[in-house]
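The values are calculated or read from the model by the stated rules, or taken from the named source; none is laboratory data. These numbers come from a predicted model, not from an experiment. Cβ coordinates were reconstructed from backbone atoms using ideal geometry, including for glycine residues, and neighbour counts include every protein chain displayed.
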Amino acid sequence: MIDFEIGDELELVRATAREFADDHLRPTLRQHESTRALSDATRAAFRDIGFATLEWPESLGGSGLGGLARFIVLEELAAADPGATLALDPLGPALYALVECGGEAALERFGTPLADGETARSVLVWCGEGCRAKLEFGDDAVSGAIPWLPADAAAQLVLLDADGAHVVSEGFTLEPARGAGLRAAGAASVTLDRAPIAASYPGGEAAARAAARGRLYTAAMLVGIARESADYSRAYALDRVTFGKPIAHHQALAFLIADMATATDSARLAGWDAAWRLDSGHGAEEACATAFIEAAEQAMYVTPNGVQILGGHGFMQDHPVEKMMREARALSLLFGGVDAARNTAISELIESDGPVQLTWEAPDAGRTG
Amino acid sequence: MRVELDEATRRRVEGIRMLGRAQVRPLGLEADRLGRPIPPDHEFFELLLKIGQGRTRWSGEQDPAAEPAARDESDRPELKATIGTSRALLAVAEELSYWDRGVAVSLPGPGLGEPPIIGMGTPDQKERFLRPFIDPGKPRWGSFAMTEPGAGSDVAAIRTVCRKDGDHWVLNGAKSFAANASRADWILVWATIDRNLGREGHRAFVIEQGTPGLGDFHVEKKMGLKAYESTSFTMRDCRVPADSLLGSDEHYARKAGFKGAMKSFNSTRPLVAAMAVGMGRAAFDEALAFAKEQDLLGDVRVRDRLERIRRRLRVARLLCWRAAWLADHSRPNIVEASMSKAVAPAVALEAASLGMELLGEVGARGEHLIEKLFRDVKAMDIVEGTGQIQRIVMARQLVQLPR
Ligand SMILES: Cc1cc2nc3c(=O)[nH]c(=O)nc-3n(C[C@H](O)[C@H](O)[C@H](O)COP(=O)(O)OP(=O)(O)OC[C@H]3O[C@@H](n4cnc5c(N)ncnc54)[C@H](O)[C@@H]3O)c2cc1C
């Protein structure tokens, strides 16, 4: 039966993530942004908790947890500092390209050396629909340009498109850029000059699964950002008085605050639905794409309104809401952005003859005919 | 975490689907065409009784411990375990509304008056008003009348007055839009002992049909949902026996009266939201089928909008289910219930409206199911608390919005 209980284990994971975020990320978020770096202590704490290898198979030293666990951790971390969240995760969504397309062997080969978080990260580059990277693949090398990656350095690039994944470990240079958001993770444009392909893992279905999980990863972060912006601005609205009452009690803002809470919950539920599908072995490409679009739309509804509720103060960098707005915008450009996700989300519907799959439907559900 | 119906609920939903396709939708379309509610003596209602519908949820047990409270028995294999849960009710309501929400409300049964009677009623009142619904020999209805010409959202402003006169109460006032009121065995009417007291003055009465002074029944003409009657009526020196006052005097002394009414809204809001999801799903299925037939899916604009509607319907359903799941575990769900109710009707309207756009002039002819759904669905953002009221309810919790 329908059940939204996440269970004791995931409650503990959530509490741990929240504590880590409060201790290590929130107090220094502006510092992370301006220095584009995290302290060694923060990195060590992250590694010791085991967040980096949460979804890794136990055979490779991971915790073997699923998409829902990752979603919950990412929401907590990104609520505090999305850029730092990316910076801390040695593989990030590149994990999915490696395991889905190349299996455990690929993860062992390319992921294991980075697991301690001491070196630069493995960075996923989306080369499929909607990407703005211009890459030319030769037989054993790739050349071209990537306009933006949220990184200042990369141990390797994992190039993912609809047909599979390729790994390159050298032959590319990163040129630092200012970055619209997520600066704690860095920002660079990348040039590849006949970069040798270290490994190729063809496979359309695997690539689609990898993209789906990557989209869910991004969606989880967007939910965290939206939640933080909604919570922060709500607290502010109770404090700030205009025309004789807290601004939260002017109905225009009271309704807006209610709608922002609804927006955040909507995005989270869409994400949990997708994560459940993923973890329970149902096809989840459509659900993950849908969760990503929902999260992107709701975050782009919530975060500018978060600024609005603070008025001029929201525009100033003394408060985090302007950062939330920028980071939501930057983050939702990944994986070809919402338009590419829309195509994935709808394609199944166009091909199928059956009724609309909302969540779970009976096999013979259907319309009048 | 699980987003799946259990076997028992799934079977019930499938049963509704068969009934829906064969009976409910055709009846709804017919009522819409004729512009009048399904008559109470329609054979469809008899059929429903035969298949076990039109009954009360009250078990007939006076011992509250024996009430089949909502349970979550997902770990237990017994099929009946989840039948009474809010989630199961939601799934059934959604499916029924998929086929026709107007017909769904027309179904015999105690209706919205049932929760207050179960919750507040004395043993004797349950006997009198609900016992006949345990195994009804003929279709029977109950009705719920809160709204008045001058008081809808502002429930505290109702002006129907009640005055104690010996061992009777005398009621005077007018009620609006009460579902199934003219055919009901009884109507649960909210009145006030003193208009200046606001909510504390509220009293609920169960007034039996035929009581002198109860009359002027007027079945409203509506934009949609024509299959059931929304009826306005008056009470003029309407004398009812003292024990028609729902609950006991001490019940109201504890100021539980208004709370009693509002508490039942907390459980019905996700239900109404789920009905909207069902209607939105129906519109979406029809719109998609039309788009396929007419080769419209090559158009990115069309595709994007279909994607949006499907996504928003899914989110609306998840919001409903979460509110119901909380209710099943006796956890607070005021905010969550209102969220579902604030979201689902708007999404469903958007689905029907998009459907109309895809139909184009075909929709403008006024003969397509989507066109009917477009009219039907608007009510969902009005009944059981308008969208604005849902936001007020949420804001009271989220930012302590003063009354
Ligand atoms: C099809 C249908 C069936 C119904 N069935 C029943 C029934 O069975 N029993 C029954 O008792 N009633 C029934 N109703 C009545 C329904 O509950 C009321 O119509 C509803 O509560 C709204 O009240 P109102 O019509 O008086 O609108 P009003 O309360 O006058 O509201 C008008 C507008 O003002 C807005 N508004 C009101 N107060 C505020 C505020 N404080 N802040 C911001 N905006 C506000 C509302 O949202 C609405 O948009 C039914 C209605 C319909 C349409």
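Quick grid of which residues meet (1) of a type outside the set (S, T, N, Q); (2) touching an Asp or Glu at 6+ places or on another chain (Cβ under 8 Å); (3) within 26 Å of residue A:295 (Cβ to Cβ); (4) at pLDDT 95 or above:
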site	(1), (2), (3), (4)
B:233	yes, yes, no, yes
B:251	yes, no, no, no
B:274	yes, yes, yes, yes
B:281	yes, yes, yes, yes
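Per-residue answers, yes or no, for (1) assigned to a loop (DSSP other than H, G, I, E, B); (2) modelled with pLDDT under 95; (3) within 11 Å of chain B (Cβ to nearest Cβ); (4) out of contact with any Cys (no Cβ under 9 Å at 6 or more places or on another chain):
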{"residue": "A:256", "(1), (2), (3), (4)": "no, no, yes, yes"}
{"residue": "A:275", "(1), (2), (3), (4)": "no, no, yes, no"}
{"residue": "A:281", "(1), (2), (3), (4)": "yes, yes, no, yes"}
{"residue": "A:293", "(1), (2), (3), (4)": "no, no, yes, yes"}
{"residue": "A:303", "(1), (2), (3), (4)": "no, no, no, yes"}
{"residue": "A:306", "(1), (2), (3), (4)": "no, no, no, yes"}
{"residue": "A:326", "(1), (2), (3), (4)": "no, no, no, yes"}
{"residue": "A:356", "(1), (2), (3), (4)": "yes, yes, yes, yes"}
{"residue": "A:364", "(1), (2), (3), (4)": "yes, yes, yes, yes"}
Subset of region B:360-392, residues under 19 Å from residue B:104 (Cα atoms), among the acidic types (Asp, Glu) and away from the ligand (no atom under 11 Å from the Cβ), comes to B:371
Check: When you look at residue A:107, is it assigned to a helix (DSSP H, G or I) and either closer than 19 Å to residue A:13 by Cβ or free of Cβ contacts under 8 Å to residues at least 12 places away in the same chain (or both), yes or no?
Finding: no
In region B:33-62, residues that are under 19 Å from the mean Cα position of the chain (by Cα) and assigned to a helix (DSSP H, G or I) total 2
Residues in region B:393-403 that are surrounded by fewer than 20 Cβ atoms within 10 Å (Cβ to Cβ) and either at the interface with another protein chain (Cβ under 8 Å from one of its Cβ atoms) or near the ligand (Cβ under 6 Å from one of its atoms) (or both) total 2
Among residues of region B:175-189 being more than 12 Å from the ligand (Cβ to nearest atom) and touching a Pro at 6+ places or on another chain (Cβ under 8 Å), the residue nearest to the other protein chains (Cβ to nearest Cβ) is B:183
Worksheet entry | Verdict on residue B:357 being assigned to a helix (DSSP H, G or I), more than 12 Å from chain A (Cβ to nearest Cβ) and away from the ligand (no atom under 16 Å from the Cβ) | yes
Return yes when residue B:192 is buried (at least 16 other Cβ atoms within 10 Å of the Cβ), at pLDDT 95 or above, more than 16 Å from the chain's Cα centre (by Cα) and within 12 Å of the ligand (Cβ to nearest atom) and no when it is not.
no
In region B:129-188, anything under 25 Å from residue B:225 (Cα atoms), among the acidic types (Asp, Glu) and part of a strand (DSSP E or B) is listed as B:148
Over region A:153-197, the set of residues more than 23 Å from residue A:336 (Cβ to Cβ) and in contact (Cβ under 8 Å) with a residue 60 or more places away in the chain is A:184
The residue from B:352, B:316 that alone is assigned to a helix (DSSP H, G or I) and more than 12 Å from every other protein chain (Cβ to nearest Cβ) is B:352
Taking region A:244-272 and keeping only residues that are among the small types (Gly, Ala, Ser) and in contact (Cβ under 8 Å) with a residue 60 or more places away in the chain, one is left with A:271
Expected single match for away from the ligand (no atom under 12 Å from the Cβ) and over 28 Å from residue B:127 (Cβ atoms) among B:171, B:214, B:197, B:225 is B:197
Checked pairs for region B:184-197, first within 26 Å of residue B:109 (Cα to Cα), second acidic (Asp, Glu) and more than 10 Å from the ligand (Cβ to nearest atom), C-beta under 7 Å and 6 or more apart or across chains, list as B:185/B:208; B:186/B:208
Subset of region B:324-335, residues touching a residue at least 60 places away in the same chain (Cβ under 8 Å) and either within 10 Å of chain A (Cβ to nearest Cβ) or under 23 Å from residue B:304 (Cα atoms) (or both), comes to B:324, B:325, B:328, B:329, B:335
